[in-house]
Amino acid sequence: MPELPEVEIAARNLRAWTAGRRIARVEAQPGTARIFRPSRPAAFARALEGARFAAVGRRGKQLLLALERDGEPVGLLAHLGMTGKWLRRTADDPAPRFSRARLVLDDGTVLHFSDLRLFGRLRVVPGARFDEVPEVAALGPDPLAAGIDPAALGEALRRSRLPVKVRLLDQGVVAGVGNIYASEALFRARIDPRRRGPSLSPAEVRRLAGTVLEAMREGIARQESPEITYVEEGGENPFLVYAREGERCPRCRRGTIRRIVQAQRSTFFCPRCQR
DNA sequence: ACCCGTGTTCGCTG
DNA sequence: TCAGCGAACACGGG
């Protein structure tokens with residue numbers, strides 16, 4: 001699921017599901033303490049129970065849920081990790097298979113934090129002071145909120161000699177880019193993922209700033225149109241190069257998509273048109 | 001059994 | 001001192 005587009009969809013869903021609602025009860029699945037902060041289930045629940053939702057925000061892949069109780073702000077910071085998702089059920093529905101936490105709302109709905117691999121995180125943020133949380137403070141500009149300033153991107157890419165694909169995964173460079181969209185953006189910009197960051201020309205940096213945003217906007221549009229079903233697992237691969245090793249390049253029609261490993265992650269690209 | 005996976009952190013090393 | 005690397009986290013699917 002989760003790179004910026006998926007998290008943006010999650011934020012929109014949560015906004016609709018929580019508007020005006022209060023958290024009646026919080027339940028943590030036994031044996032999943034590593035997800036929670038504070039990790040003691042009772043303390044985690046106590047911090048949130050009775051609070052009313054005020055706003056749902058997103059920065060990069062971080063979901064920022066702002067609540068209020070007795071005039072006191074309290075925040076819930078949620079990260080989906082690799083397999084996290086928020087699901088809405090009614091009180092009588094059985095819990096989804098990998099439900100790790102449940103927010104029972106005052107309208108009888110239940111928001112489940114489902115996460116197979118337990119890489120997700122749910123963190124109480126006292127006073128809803130999200131900016132003081134290190135993982136939030138370290139984030140670079142969010143493409144959707146602030147756009148990507150080519151000059152700033154160029155500056156960030158010049159700060160390290162790592163391959164540009166690896167640099168894009170650093171959340172301090174552009175917040176929200178993950179392994180899929182890094183490959184997709186570089187393909188669209190016709191830049192070889194193995195190039196060192198400082199080697200990119202200003203024109204290439206400009207192209208890349210544009211394609212990161214473009215790829216993410218398309219990802220969001222794809223997921224918000226319910227009639228398009230190929231996003232569902234088991235459906236057709238909606239990406240241009242990601243997970244298309246061995247296929248013909250959709251742009252030049254002559255190159256063959258290659259898979260390489262960079263920083264322990266798969267990268268997909270067309271060696272013929274990405275230079 | 002083995003490899004792979006939309007993410008991030010931590011400890012070691014040169 | 002610190003950038004960069006690889007292991008680790010956890011669990012299912014092919």
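Side notes on the structure shown:
Conditions (1) within 11 Å of DNA strand B (Cβ to nearest atom); (2) out of contact with any helix residue (DSSP H, G or I) (no Cβ under 6 Å at 6 or more places or on another chain), marked per residue:
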residue	(1), (2)
A:Ala189	no, no
A:Pro193	no, no
A:Gly197	no, no
A:Tyr242	yes, no
A:Gly246	no, yes
A:Arg259	yes, yes
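- Pair list, Cβ under 7 Å, 6 or more apart: the range A:38-61 residue farther than 20 Å from A:Glu72 by Cα, other residue small (Gly, Ala, Ser): A:Ser39/A:Ala33; A:Pro41/A:Ala28; A:Arg58/A:Ala11; A:Arg59/A:Ala175; A:Gly60/A:Ala175; A:Gly60/A:Gly176; A:Lys61/A:Gly176
- Residue check, A:Arg196 surrounded by fewer than 20 Cβ atoms within 10 Å (Cβ to Cβ), modelled with pLDDT of 95 or more and either over 25 Å from A:Arg59 (Cβ atoms) or not basic (Lys, Arg) (or both): yes
- Condition broken by A:Arg58, with the remaining ones in (1) on the phi < 0 side of the Ramachandran plot; (2) away from DNA strand B (no atom under 16 Å from the Cβ) satisfied: (2)
- Checked against (1) away from DNA strand C (no atom under 16 Å from the Cβ); (2) closer than 22 Å to A:Ala137 by Cβ, A:Glu49 passes all but condition (2).
- Here the range A:2-23 is the region considered, the condition is being aliphatic (A, V, I, L, M) and surrounded by fewer than 16 Cβ atoms within 10 Å (Cβ to Cβ), and the residue that is farthest from the chain's Cα centre (by Cα) is A:Ala19.
- Residue match in the range A:66-77 (condition: within 16 Å of DNA strand B (Cβ to nearest atom), modelled with pLDDT of 95 or more, farther than 27 Å from A:Gly147 by Cβ and not assigned by TED's automatic domain parsing to the domain that holds A:Gly176): no
The values are calculated or read from the model by the stated rules, or taken from the named source; none is laboratory data. All values reported here derive from a predicted model rather than from experimental measurement. With ideal geometry, Cβ positions are generated from the backbone for all residues, glycine too; neighbour counts draw on all protein chains shown.
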